[in-house]
Every structure is written in C-alpha cells, then in structure tokens.
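Shown next, in structure tokens, is the structure this report addresses.
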Amino acid sequence: MPRKIFVNLPVKDLERSVAFFTTLGFRFNPQFTDENATCMIVSDDIFVMLLVQPFFQGFTPKPVSDAHRQTEVLLALSLESRAEVEDFVAKAVAAGATVTQPPRDYGFMYQQSFADLDGHQWEPFHMAADAVPPQA
C-alpha cells in the first residue's frame, strides 16, 4: 500500500470552508465527513482533513494557531501549468481568499500565494521539470 498523507487543518466554519474549496475544484469523501470534519481529496494519496476548531483541539494539548496571525504551515500544491496556477488563484480570490505575496517567477518554477478563509497559506506552483537547475 502506498503511503498517504493527511494534512489536518482547523477551520471556523466547516460548511463555508467546503464551499470555498469546492469552488477550487476539490471533492470530498462523504465517508469521512460529519458535522466536525470532512476529508478533502487532493489526489489519490493526499488528503486535507478540515476539522472544526474544537474538534481539532482534541488532537493536541498545544494551543491551536490563529493562521491569520501566525504561519503554522505552507501548503505547496503543484499544478500542471502557469496558467492553471493563475486560474486557481483567481478562483480562490473570487471565493474570498487573500493574496499573501506577489507572483514569483524563478525561471524553472512559477508560484503564487494566497490565504484561505481561515488564514492557511497555500502556495500553488508549476515547475518545469526539464528546467530545474542542476545540483551543486
């Protein structure tokens, strides 16, 4: 069985977050969805669990970060093209996201940044595999 990753993110309003991420084209697994959580499908092996804050807090003794004030994680998401990055960010902003940095073009990689409705920072990017600089 291949390894899978489940990123867990606290959200204030689950229904609002599901609507936001649905706008970006994500689907959700109803088998792992109730009033406390939902499983957002990113790929066959990557999932984002959106957990209402009180439920999320039950998994850790540490305080839950306010992602509008502190950075707890950067969620880098690879996309197929620069145009797809631009379209993805435009949809996110239209759905209520906030741009956190101007677009960055590194020649071999193009990246943009936005904060979702709960302040989590997403970094959609496109990397041209044939243009990656060689290792030193």
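The values are calculated or read from the model by the stated rules, or taken from the named source; none is laboratory data. Computed from a predicted structure; not experimentally measured. For neighbour counting, all protein chains shown are included, and Cβ atoms are generated from backbone atoms with ideal geometry for every residue, glycine included.
Spot the failing condition for residue 7; the list is (1) within 23 Å of residue 124 (Cβ to Cβ); (2) in a loop (DSSP other than H, G, I, E, B), and only one is missed.
(2)
Which is surrounded by fewer than 14 Cβ atoms within 10 Å (Cβ to Cβ) and under 30 Å from residue 2 (Cα atoms), of 131, 83?
Working: 83 fails: under 30 Å from residue 2 (Cα atoms).
Only one candidate passes the filter, namely 131.
Given the conditions (1) outside any strand (DSSP E or B); (2) hydroxyl-bearing (Ser, Thr, Tyr); (3) surrounded by 14 or more Cβ atoms within 10 Å (Cβ to Cβ); (4) assigned by TED's automatic domain parsing to the domain that holds residue 130, report the number of the one that residue 17 does not fulfil.
So the condition that residue 17 fails would be (4).
Among the residues of segment 20-55, which ones are of a type in the set (D, E, K, R) and either touching a residue at least 24 places away in the same chain (Cβ under 8 Å) or part of a loop (DSSP other than H, G, I, E, B) (or both)? Can you show your working first?
So the first thing to find is which residues in segment 20-55 are of a type in the set (D, E, K, R), and the list is 27, 34-35, 44-45.
Residues satisfying the conditions are 34, 35, 44, 45.
Which of the residues that make up segment 99-113 are free of Cβ contacts under 8 Å to residues at least 12 places away in the same chain and either outside any strand (DSSP E or B) or surrounded by 15 or more Cβ atoms within 10 Å (Cβ to Cβ) (or both)?
106 - this is the single residue of segment 99-113 that is free of Cβ contacts under 8 Å to residues at least 12 places away in the same chain and either outside any strand (DSSP E or B) or surrounded by 15 or more Cβ atoms within 10 Å (Cβ to Cβ) (or both).
Matching residues to (1) at pLDDT 95 or above; (2) closer than 17 Å to residue 16 by Cβ; (3) touching a helix residue (DSSP H, G or I) at 6+ places or on another chain (Cβ under 7 Å):
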residue: 56; (1), (2), (3): yes, yes, no
residue: 66; (1), (2), (3): no, yes, no
residue: 92; (1), (2), (3): yes, yes, no
residue: 107; (1), (2), (3): no, no, yes
